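One structure is given below, encoded as structure tokens.
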Amino acid sequence: MGNFLVVGASSGIGKAIAAQLINEGHKVYATFNTHPIEKYNENIIPQHLNVLDDQLQLNFLPESLDGLVYCPGAISLRPFARIQAVDFVNDFSLQVGGAIKTIQSALPALKNAGNASIILFSTVAVQLGLNFHTQVAVSKGAIEGLTKALSAELAPTIRVNCIAPSLTDTPLAASLLNSEQKVEANALRHPLKRVGTVEDMSEMACFLLSQKSSWITGQILHVDGGMSSIKL
């Protein structure tokens, strides 16, 4: 089975992806920053990692790495006029700079695998104009550009794809889903009439990491309940 790096595996989507990969028999190098990960299975290797470190090193990785998933993110929904320039810079550092440093550090191990896969995460807010989403849309728009350019540069030995969810039930989104009324209202905004789950995202991510998707690269896959493409 394969070796996979999941960055940001302590909660939410990253945690679900790590769990599914382990259930499939893979070895997962699961990183965390502030919330330690329990070693609940012999195939999970928890590692502390701060993606904001200037000299980011992934010395714990094996010689060959079959896939990398970058999950760290933030949801800060505020009016544009209330966002300071430094807020955009800090968000970009986490969501884009961290991804770049992680991929660059892991690149030798990914190349050694011969047919590896990189998964990044965007948001439906890049394709749709949504109120109060300027900060996240700026960073995730850059992630989509990175996906396209990097997939061209790393082909044919490494595939690069991006998942763009709509609202998903994770700890990051807790304030948006902390009542039955909010859950119902957000569900009704989607053609499929529900909010996304971490399992929706992990199923897509694990498919893209597998050889079942061996002819897919450079794609932005909208796992969003139809929100980005269907008008109600």
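Results, tabulated for the structure shown:
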| read-out | value |
| --- | --- |
| Qualifying residues in the range 177-199 (those that are in a helix (DSSP H, G or I) and touching a residue at least 12 places away in the same chain (Cβ under 8 Å)) - the one nearest to LYS231 (Cα to Cα) | ASN186 |
| Residues that are small (Gly, Ala, Ser), within 30 Å of ASN131 (Cβ to Cβ) and either touching a helix residue (DSSP H, G or I) at 6+ places or on another chain (Cβ under 9 Å) or in contact (Cβ under 8 Å) with a residue 24 or more places away in the chain (or both), drawn from the range 53-81 | GLY73, ALA74, SER76 |
| Residue within the range 86-106 that is in contact with a Lys or Arg (Cβ under 9 Å, 6 or more places away or on another chain), buried (at least 20 other Cβ atoms within 10 Å of the Cβ), hydrophobic (A, V, I, L, M, F, W, C) and not in a loop (DSSP other than H, G, I, E, B) present | yes |
| Residue identified as more than 20 Å from the chain's Cα centre (by Cα), farther than 17 Å from SER210 by Cα, of a type in the set (Gly, Ala, Ser) and surrounded by fewer than 19 Cβ atoms within 10 Å (Cβ to Cβ) among GLY129, GLY114 | GLY129 |
| Residues that are among the charged types (D, E, K, R), surrounded by 14 or more Cβ atoms within 10 Å (Cβ to Cβ) and outside any loop (DSSP other than H, G, I, E, B), drawn from the range 200-232 | ASP200, GLU203 |
| Output for the range 151-176, where each listed residue is among the small types (Gly, Ala, Ser), crowded, with 19+ Cβ neighbours inside 10 Å and outside any loop (DSSP other than H, G, I, E, B) | SER151, ALA164 |
| Selection count, the range 2-40, where residues are touching a helix residue (DSSP H, G or I) at 6+ places or on another chain (Cβ under 9 Å), part of a loop (DSSP other than H, G, I, E, B) and closer than 22 Å to ALA113 by Cβ | 5 |
| Output for the range 73-85, where each listed residue is surrounded by fewer than 19 Cβ atoms within 10 Å (Cβ to Cβ) and in contact with a strand residue (DSSP E or B) (Cβ under 9 Å, 6 or more places away or on another chain) | none |
| Residue among GLY67, GLY14, GLY25 that alone is modelled with pLDDT of 95 or more, under 23 Å from PHE207 (Cβ atoms) and exposed (fewer than 14 other Cβ atoms within 10 Å of the Cβ) | GLY25 |
| Pair list, Cβ under 7 Å, 6 or more apart: the range 106-125 residue touching a residue at least 12 places away in the same chain (Cβ under 8 Å), other residue surrounded by fewer than 24 Cβ atoms within 10 Å (Cβ to Cβ) and among the acidic types (Asp, Glu) | ALA109/GLU63; ASN112/GLU63; SER122/GLU144 |
| Positions within the range 132-148 being over 21 Å from SER214 (Cβ atoms), assigned to a helix (DSSP H, G or I) and either more than 15 Å from the chain's Cα centre (by Cα) or not small (Gly, Ala, Ser) (or both), in sequence order | THR134, GLN135, VAL136, VAL138, LYS140, ILE143, GLU144, LEU146 |
| Filtered residues of the range 63-88 (kept if within 21 Å of THR34 (Cα to Cα) and of a type in the set (A, V, I, L, M, F, W, C)) | LEU68, VAL69, CYS71, ALA74, ILE75 |
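The values are calculated or read from the model by the stated rules, or taken from the named source; none is laboratory data. Just so we're clear, the structure is a prediction, and the values are computed from it rather than from any experiment. Glycine gets a Cβ as well: all are built from the backbone with ideal geometry, and neighbour counts include every protein chain shown.
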